[in-house]
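J.: Got a structure for you, written out below as structure tokens; questions coming shortly.
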Amino acid sequence: MIVEGSVLPIPRANIDTDQIIPAHYLTRIDADGMGEHLFEGMPDGARLLALHPGASIVVAGENFGCGSSREHAAWALLGRGFRAVIAPSFARIFNENAYNNGVVPVVLSQETVDELMGARTIAIDVDNETLSADGGEPISFALDPLRKQFVLGGGVLKYLASKIPSVREWEAAR
């Protein structure tokens with residue numbers, strides 16, 4: 001699976017979930033419409049999105065997705081067309097929510113992330129765990145092996161649903 005697109009650079013650390021999707025939008029229990037409100041909690045969020053229309057890969061500083069736990073942050077990213085976030089580190093709960101919903105969380109060194117801030121496009125080869133910026137040399141990264149399957153399968157629910165036939169087969173054999 002290749003995730004390819006233009007870059008939305010956000011050169012700051014500690015982007016919290018309230019900046020990604022403000023708390024007053026958390027009244028929904030599904031992902032519908034979340035993308036419309038992406039980065040509304042960030043002072044310059046609308047400007048950043050306007051400067052990079054059609055971007056589908058976020059490159060950000062360390063500790064992306066910190067703050068309160070909300071799956072809505074991953075839903076908002078997906079709803080706006082973002083398929084991956086590249087950062088030096090992620091808050092644990094955001095990392096889980098990203099994998100569970102099919103957003104690729106790529107961890108790279110601060111130095112490499114700083115270089116990628118200036119990239120126009122990035123291609124992420126999820127299967128081979130490499131990426132390249134603007135057609136340059138491949139950069140390796142690591143994904144959790146099980147959670148990688150969630151990303152490849154479109155999220156944890158689709159992944160689990162794909163296992164139902166083998167579970168039924170196992171049950172019948174017992």
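J.: Which ordering of Arg168, Arg83 is given by a fewest-first count of other beta-carbon atoms within 10 Å?
T.: Working: Arg168 10, Arg83 19.
Placing the least packed residue first, the sequence is Arg168, Arg83.
J.: Still on this model: Note down the nm distance, to one decimal, between modelled labels 7 Å out along Cα→Cβ at Ser6 and at Ala173.
T.: Taking the two extended label points, one gets 5.1 nm.
J.: Suppose the chain between Gln110 and Gln149 were pulled fully straight at 0.36 nm per residue; how much longer would it get relative to their current alpha carbon spacing?
T.: 11.4 nm
J.: Treating only the Cβ of Lys, Arg, Asp and Glu as charged (+1, +1, -1, -1), what charge dipole size does the stretch 21-174 show about its Cα centre? Round to the nearest 20 debye.
T.: About 560 debye.
J.: Moving to a separate point now. Just grab the label-to-label distance for Ala13 and Ser132, each label 7 Å out from Cα along the Cβ direction, in nm (one decimal).
T.: Between Ala13 and Ser132, the label points sit 3.2 nm apart.
J.: Once Lys and Arg get +1 and Asp and Glu get -1 on their Cβ, which of Ala172, Tyr25, Val58 lies farthest toward the positive end of the dipole of the chain?
T.: Towards the positive end, the residue furthest out is Ala172.
J.: Against the longest principal axis of the chain, how steep is helix 92-101, in degrees 0 to 90 to the nearest 10, with axes from Cα atoms?
T.: 60
J.: Would you calculate the volume per residue, in Å³, of the smallest convex hull containing every Cα atom of the chain? Spell out each step's value before the answer.
T.: Details: hull volume 20.7 nm³, N = 174.
Per-residue hull volume (Cα only) is 119 Å³.
J.: Sticking with this structure for a sec: Quick one: order Ile93, Ile29 by neighbouring beta-carbon count within 10 Å, fewest to most.
T.: Working: Ile93 17, Ile29 8.
Ordered by Cβ neighbours within 10 Å, fewest first: Ile29, Ile93.
J.: While we're here: Between Ala50 and Ala142, what length comes free when the chain is fully extended (0.36 nm per residue of separation minus the Cα-Cα distance, one decimal in nm)?
T.: 30.0 nm
J.: Return the percentage of antiparallel bridges among DSSP beta bridges fully within the stretch 2-173, rounded to the nearest 5 %.
T.: Percent antiparallel among DSSP bridges in the stretch 2-173 is about 45.
Laboratory data are not the source of any read-out in this text; all were calculated from the coordinates shown. Computed from a prediction, not measured in an experiment: that's the story for all the values here. Glycine also receives a Cβ, built like all others from the backbone with ideal geometry; neighbour counts cover every protein chain displayed.
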